[in-house]
Structure formats: structure tokens, C-alpha cells
Amino acid sequence: MRRSNLPAELNRFVGRADEQDRVSLLLAEARLVTVVGVGGVGKTRLALRAASAAQKRYADGVRLAELSGLRDPELVALALVEALGLTDHTLRTPREALIEHLADRRLLLVVDGFEHLVEECAPLLRELLRAAPGLTVLAVGRRPLRVDGEAVFTLAPMTDEDAVRLFAERASAAGAPAGDPEAVRELCRRLDRIPLALELAAGRLPLLTVEQMLHRLDDRFRLLSEGTRGVLPRHQALRTAIGWSHELCTPEERLLWARLSVFAGPFDLEAVEYVCGGPDLPAERVVEALGGLVAQSLVFREETAAGPRHRMLDTVAAYGAEWLAALGDTARMRRRHRDWYMGLATWCELEWFSPRQAEVAACADAALPNLRAALELCLEQPEETHLARHLAGTLWFYWVGCGRLSEGRHWLDRALSLDPGRSEHPAARLKALWVLGYVAILQGDTTAAVAALHECRERARATGNPLAEAYATHRMGCLALLSDDMPRAEELIGRALETYQEVGELNSNVLMGQVELAMARVFRGDLEGAVALCAEVREICEERGERWTRAYALYVLAYAAWTGGDHTEARALLGECVTINHTFHDLVGLVLAIELLALVTASEGDPAEAAVLQGAALPVWGMVGLRLFGSGSFDGPRAVCERQAGELLGAERYGASVREGRGLSLDAAVRRALGERRDPAGGRPGEAPRPFRTTVPKTRKPAGSPTGKGGEAAGR
């Protein structure tokens with residue numbers, strides 16, 4: 001994990017030297033520092049600057065959690081888990097996972113945009129600070145948290161000199177001279193020296209002189225003072241600057257601005273064209289209007305692992321939301337937004353079984369805030385909860401394949417609990433049920449898994465849905481596999497595979513069923529049968545470009561290779577397996593591969609390195625839960641390796657090597673597994689493998705989505 005996830009600065013930071021020093025001093029003295037101030041005053045920019053400067057003080061780095069896009073208070077802890085880069089497969093609550101992870105770390109956590117969630121955020125941060133003595137929190141919002149020990153820093157508008165410098169710099173970036181210094185100083189004063197107001201004004205210079213802006217401000221202030229009694233002067237000044245920018249936009253830019261407010265996070269051009277386009281804003285005009293908003297600093301462009309994305313500042317988006325409400329178009333636009341992201345999820349599910357798996361994972365990551373917004377809208381209307389079940393089920397690949405089990409469980413439980421009568425749209429419920437069963441199995445929640453899968457199977461039979469029944473049977477077989485009941489696992493998974501073949505179903509789940517059947521056979525000693533199954537899976541995966549299931553097939557083939565004494569082949573297979581699982585944040589597959597690699601390493605005659613790898617697997621098991629849910633079969637490689645390495649090294653050396661491995665971060669453990677070993681002579685480790693996260697090519701997604709008709713099949 002990187003030491004910091006702070007975003008790169010898009011333009012030069014101007015002024016605020018004294019304020020930054022004061023925040024830095026507070027961070028050295030207090031464990032909770034909250035930067036407060038009016039919208040647009042530059043709180044976030046200053047906090048990120050101060051956090052970046054303070055990085056060296058924190059051995060475990062700096063992490064940023066952005067909460068402004070959240071609406072569901074229950075997701076606050078999950079958002080912090082996400083910011084910390086945690087992948088937790090256990091039944092622990094996100095709060096418990098945070099406490100355990102932070103307990104012995106020295107880390108700075110920046111929490112931005114919490115004010116609308118303060119009732120949930122304040123007690124959570126209080127609990128984390130009490131449980132983790134090495135944690136420091138830098139919070140950013142419009143009001144204090146009111147937590148004991150909180151040091152509040154109120155950020156005032158810029159000084160005259162800094163305001164003039166900022167305006168001049170942004171004017172230069174806009175390609176226009178600032179003009180008369182005294183007029184500039186007066187404009188800065190009239191805009192209360194609020195950075196966002198100054199930047200918006202500077203963006204208008206190509207069209208208006210500073211003197212013209214001052215004249216317009218006179219008119220604007222007079223109107224505001226007559227019509228908005230009780231509004232704080234600085235808030236009035238900011239609204240003046242934003243409203244003024246709004247007036248100077250073209251009609252199409254204003255319309256797009258209002259419609260963009262429905263997005264809850266980063267958005268791409270295709271989403272904008274679908275959601276915001278229409279007869280009054282044709283798709284071919286959307287690009288031009290979006291470009292105009294970008295040119296005026298009302299919308300920002302950023303690079304992500306999924307490609308270029310755009311976003312609006314919260315203050316600007318809030319202004320647009322007011323105009324959208326005034327137009328009476330909020331409900332329609334939220335539905336269009338929901339439909340786009342349901343369509344995107346459907347595309348992602350289909351493309352998961354393709355060479356685009358890495359792109360799909362990155363795309364889902366970037367779309368997560370908007371997917372949450374879509375799920376929330378579905379759950380607001382009782383007559384549309386089937387869409388929530390459909391969407392939560394469609395995202396199975398993200399919950400299971402990309403390490404998002406806790407979030408998936410949250411949405412699946414909510415969607416399934418809101419189902420009056422349980423009679424309409426049965427396919428959506430069936431899919432959500434088998435996906436819930438799958439997630440619960442991986443979390444170690446056998447009771448919930450059995451209940452969901454039993455209901456799915458019985459309702460599938462009653463409604464004549466053999467495919468949904470096959471998925472339920474398949475996952476019951478998976479549960480038997482993890483419970484060491486290999487005959488039952490073979491019987492159930494085999495039956496599901498027969499149905500898949502009969503109905504023509506072929507995807508990552510089907511191939512995973514073949515791998516799981518192979519696992520049952522290899523654990524019973526049928527190496528030939530297991531290898532034949534996985535060789536077929538490997539061939540299909542190579543044809544389709546599928547990597548996630550391929551990794552599990554490689555694990556079984558490596559197990560068979562080690563059993564046959566071919567350690568070189570086993571190591572090569574496991575190296576690819578580790579790389580794929582780390583790419584997709586699949587901790588179950590990753591830890592299995594690392595432990596089998598440890599056994600291979602011991603068999604190659606390096607018991608010390610084998611013990612290091614065993615130690616490196618222990619923290620990963622802490623995130624996964626009970627070691628493979630108590631399965632003796634899956635735990636076999638670890639037990640054999642422990643016995644072999646322990647006998648050769650002795651208890652003291654073996655324990656020291658395990659402790660060394662246990663101290664490795666997840667990324668360091670992966671590098672070690674892939675061959676980056678500590679030089680016994682004290683030299684530097686070898687070169688690290690290439691990065692696992694790469695920018696992926698952009699591929700056009702289909703617009704729209706099914707809304708209760710096609711696409712709700714239990715296995716799609």
C-alpha cells in the first residue's frame with residue numbers, strides 16, 4: 001500500500017504560509033485537528049498541503065477519506081476502510097476492522113467533507129482515537145466535530161496580498177492580464193478574499209475587465225442585500241461569485257451545470273452524454289458545454305486508473321442542485337443517473353468474463369460513489385426495490401472478485417430486507433439471494449449463507465428457474481468444500497455444472513465451479529482428475545482473457561505439481577497466481593498461494609525463507625478471518641510447511657523468521673513471494689515487480705440498463 005493517497009495538486013498553491021505553519025503546529029500538539037470555515041475558503045486545499053508536509057512524521061503514512069459524496073451514514077466506517085486500503089473478508093464490522101488495523105500504527109488520517117454526517121463521524125473518530133494512540137486525525141468541514149481534545153482552526157479568507165497574488169496567478173493561467181492593481185485589490189476585497197470566488201472571477205477575465213466585474217458586483221450585491229436577509233456576508237460573497245459565473249455561462253452550460261449535480265463522484269464523458277443529454281441539450285453539444293465549464297474552473301478533469309474523469313466542487317454542485325430543483329427536474333435526472341449506472345454495472349458484469357477484467361475492476365472503483373447513489377435511489381421507493389436487488393446482485397464480481405465483501409453484504413442485506421410480498425420480480429430476488437450466500441460463505445457466516453441459499457433453491461424450483469437453482473446448489477457445494485465434506489462438495493458442484501452445461505451457461509462462476517470441483521478431487525488424492533479439470537479451465541481462460549478464475553486453476557495445478565515433485569513448475573504457476581490475486585485484491589486466493597509458495601520454498605531447501613512467507617501470510621489471514629473457516633484440507637500446506645521448516649530451523653530460528661514475515665506490509669509480502677529476497681550478506685533486495693495497478697484503455701459501455709425486464713436472469 002502506498003504511504004499516501006493524497007491527490008496531486010492541479011495548480012500552484014498560493015499564499016497561506018502562516019496558516020499552514022499553524023495547522024502543522026497543531027498537528028504536532030493535538031491528535032484531532034479540525035479545519036473549519038465557510039465554503040470556498042480553501043479548507044481542503046490547506047489541509048492537504050499541511051498533511052503532505054507532515055508525512056515524514058507518520059511511519060505508516062497519510063490517508064485521505066472523502067466523505068462529501070456519501071449520503072448513507074452507515075457507510076462512513078466503510079469509507080474509512082476504503083481510504084486505508086483495507087480488504088476485510090471477516091464478519092467484523094467496519095468499525096472493528098478499523099480499530100484493529102489502526103491499533104499499533106502511526107498514521108495521519110485526513111477526513112474531508114464530514115459536516116452532513118457529523119452525528120455518525122464524531123463518535124467513530126472518538127472511538128478510533130481512543131483505541132489507536134498512534135493515530136492523528138485532520139478533519140475538514142464547515143463545523144467542528146465537538147470531540148474531546150479537538151483543536152479547531154478556523155480558516156479566514158486570504159490576506160489582501162495573498163488574494164491579489166492568487167487572482168493574478170489564476171488570471172495569467174487563463175491567458176489574460178489582471179489589469180489595474182488598485183482595481184484588482186478592490187475586486188478581491190469585494191469578494192471577501194475567498195479563494196474560490198477569486199478563482200471563478202479570474203476565469204472570466206477573457207470576457208470581462210476587472211472594472212466591468214466591479215460594476216456588475218455593485219448590481220449583484222444590491223439585489224442580494226434586498227432579497228436575502230440574514231445571509232452571512234462571506235456566504236453572500238461566495239454565492240455572488242458562483243451566481244455571477246452562472247449568469248455568464250451560456251444557456252447550455254447552465255443547464256449542464258444543473259444536471260451534473262446528480263453525480264455523487266467522478267464521472268466520465270459517456271455518463272454525462274447519457275444522463276445530461278436530451279432534446280434541449282443534444283449529445284453533440286454536451287462536449288462543448290462541458291468544455292466551457294472546465295475552462296471556467298467549474299468542473300475539473302482528473303486522471304484515474306480507469307481513465308480521465310471529471311468532477312465538480314461540492315459548493316459548485318450544490319448551487320447546480322438548487323437550479324435543478326427550481327427546474328423541477330431533480331427526480332427525472334436522478335432516475336437517468338440510476339439507469340446509466342445500472343447499465344454500467346451490467347456491462348461490467350458481462351465484461352468481467354473477458355480480457356477487460358482489470359479495466360472492469362478500475363471502472364467499478366471509479367464509479368463506486370455513483371453506484372452507491374443509484375442503489376440508494378432504488379431503495380427509496382418500495383416499488384423499485386427489485387432494481388436494488390438486481391443491481392446489488394449484478395455487482396457480485398465487485399463484491400467477491402475485488403475484495404468488497406463488507407460493502408456488498410451491506411447492500412444485499414438492505415435490498416433483500418425490503419421486499420413486500422416477495423412475489424414480484426422473482427429473478428431479481430433469486431440473484432440477490434445466491435450472491436448473498438456467496439458473500440456470506442466468504443465471510444465465514446455459515447448461518448446466513450445456508451438461509452439465503454436454501455431460500456434461493458426453493459424459490460427457484462417453485463418458479464421454474466433451473467439456472468438460479470444451479471447457482472444455489474453450486475454455492476452449497478462450495479460451503480461443503482470449505483467444511484471438508486469432499487464427497488458432498490463433488491456431488492453438489494457436479495450437479496450444478498451439469499445444469500450450467502444444459503442451459504448453456506459459461507462465465508467466471510461456471511469456471512470457478514470446475515476449479516472448486518478440482519479442489520475437492522485433489523484433496524481426495526485424484527490428481528489426474530483435478531489436473532484435467534483445471535487444464536480445461538486454463539485453456540478457456542486463455543481464450544477468453546479471463547484472469548480471476550485462472551488464478552485459482554493455477555493454484556490447483558501448482559498443488560498437483562508440488563505433489564509430483566516439480567517444484568520449478570509449482571513456483572512458476574504460483575508466481576502468476578499471486579500477481580493476479582493481488583491485482584484484484586482477492587485476499588483468499590492470495591493467502592492460499594503465498595502459503596503454498598512457502599511449502600514449495602521449504603521443499604526447495606530454504607526453510608528460513610519459507611518461514612518468512614508463512615509469517616507474511618498471517619496478517620492476511622487476519623483480514624480474511626478464521627484460517628479458511630477451519631478447513632483442514634486448505635490448511636494442509638501451512639501445517640506441512642510449519643513442520644518441515646520448524647524441524648530444520650529449530651524453534652528459535654523458525655519463530656524469528658515468522659516474525660520477520662509478519663512485519664511485512666501486504667505489498668512487501670507479495671514482492672517477497674515473487675522472489676524479492678533479503679540478501680543474506682546485507683545487500684539491497686532485488687527489483688520489485690511491475691506495478692499491479694495500471695491505467696487501462698477506455699472502452700465504450702452500452703447506454704441505459706434493464707429496469708425489471710431482460711438482464712435479471714439469476715446467472716447474468
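Simple spin-label model, 7 Å along Cα-to-Cβ: ASP635 to ARG332 in nm?
Going from the ASP635 label point to the ARG332 one covers 6.1 nm.
What number, rounded to the nearest 500 deg cm²/dmol, is the helix-based mean residue ellipticity at 222 nm of the chain, given -39500 (n - 2.57) per DSSP H run of at least four residues and division by all its residues?
Mean residue ellipticity at 222 nm (helix-derived): -20500 deg cm²/dmol.
So what does the Cα-only Debye profile of the chain read at q = 0.07 Å⁻¹, as log10 I(q)/I(0), no solvent term?
Debye curve over Cα of the chain, log10 I(q)/I(0) at q = 0.07 Å⁻¹: -0.55.
What accessible area per residue, rounded to a whole number of Å², is obtained for the chain using a probe radius of 1.4 Å?
Ligands and nucleic acids excluded, the figure is 40 Å² per residue.
Helix 17-29 versus the longest principal axis of the chain: what angle, 0 to 90°, nearest 10, using Cα atoms?
Computed tilt is about 40 degrees.
By how many degrees, 0 to 90 and rounded to 10, does the Cα axis of helix 486-503 deviate from the longest principal axis of the chain?
Helix 486-503 sits roughly 60 degrees off the main axis of the chain.
Normalised by the number of residues in the chain, what is the relative contact order in percent for Cα pairs under 8 Å and 6+ residues apart?
11
Using a 1.4 angstrom probe on heavy atoms only, work out the carbon and sulfur share of the accessible area of the stretch 367-418 in %.
Exposed carbon and sulfur together represent 51 percent of the surface.
Using 0.36 nm per residue, how much length does the chain from GLN55 to ALA183 gain when fully extended, once their Cα-Cα distance is taken away?
42.1 nm
What are the residues whose amide H is under 5 Å from the amide H of GLY278, where those residues sit 5 or more places off or on another chain and H is modelled from the backbone?
Here ALA283 satisfy the definition.
Could you tell me what percent of the DSSP beta bridges with both partners in the chain are antiparallel, to the nearest 5?
If we restrict to bridges inside the chain, about 25 percent are antiparallel.
Let me make sure I get this right: for the stretch 333-463, a, b and c are the square roots of the gyration tensor eigenvalues over alpha carbons, sorted descending. Under 1.5 in a/c it's rounded, otherwise prolate if a/b > b/c, else oblate. Which is it?
It is oblate, given that a/c is not under 1.5 and a/b is not larger than b/c.
Give, as a single signed number, the net charge of other residues whose beta carbon lies under 15 Å from the beta carbon of GLY149, with Lys and Arg counted +1 and Asp and Glu -1.
Cβ neighbours under 15 Å give a net charge of 0.
Find which of PRO282, CYS478, ALA151 sits farthest along the positive direction of the dipole of the chain, computed with +1 on the beta-carbon of Lys and Arg, -1 on that of Asp and Glu, about the Cα centre.
Among PRO282, CYS478, ALA151, the one farthest towards the positive end of the dipole of the chain is ALA151.
Pop out the carbon and sulfur fraction of the accessible area of the stretch 21-112 as a percent, whole number, probe 1.4 Å.
Of all accessible area on the stretch 21-112, carbon and sulfur atoms account for 48 percent.
Under 1.5 on a/c is rounded, so check that first for the stretch 321-371, then, if it is not, pick prolate when a/b is larger than b/c and oblate when it is not; a ≥ b ≥ c are the square roots of the alpha carbon gyration tensor eigenvalues.
Prolate, because a/c is 1.5 or more and a/b exceeds b/c.
Determine the dipole magnitude for the chain: charges of +1 sit on the beta-carbon of Lys and Arg, -1 on that of Asp and Glu, nothing else is charged, the reference point is the Cα centre, and the result goes in debye to the nearest 20.
Dipole about the Cα centre, nearest 20: 1260 debye.
Would you calculate the separation in nanometres between label points at GLU502 and ARG22, each defined as 7 Å from the Cα along the Cα-to-beta-carbon direction?
7.4
The values are calculated or read from the model by the stated rules, or taken from the named source; none is laboratory data. Since the structure is predicted, the reported quantities are computational estimates derived from the model, not experimental observations. So basically every Cβ, Gly included, is an ideal-geometry build from the backbone, and we count neighbours across all protein chains shown. Areas reflect the complete protein model, heavy atoms only, side chains present, ligands, DNA and RNA absent. Shrake-Rupley method; radii C 1.70, N 1.55, O 1.52, S 1.80 Å.
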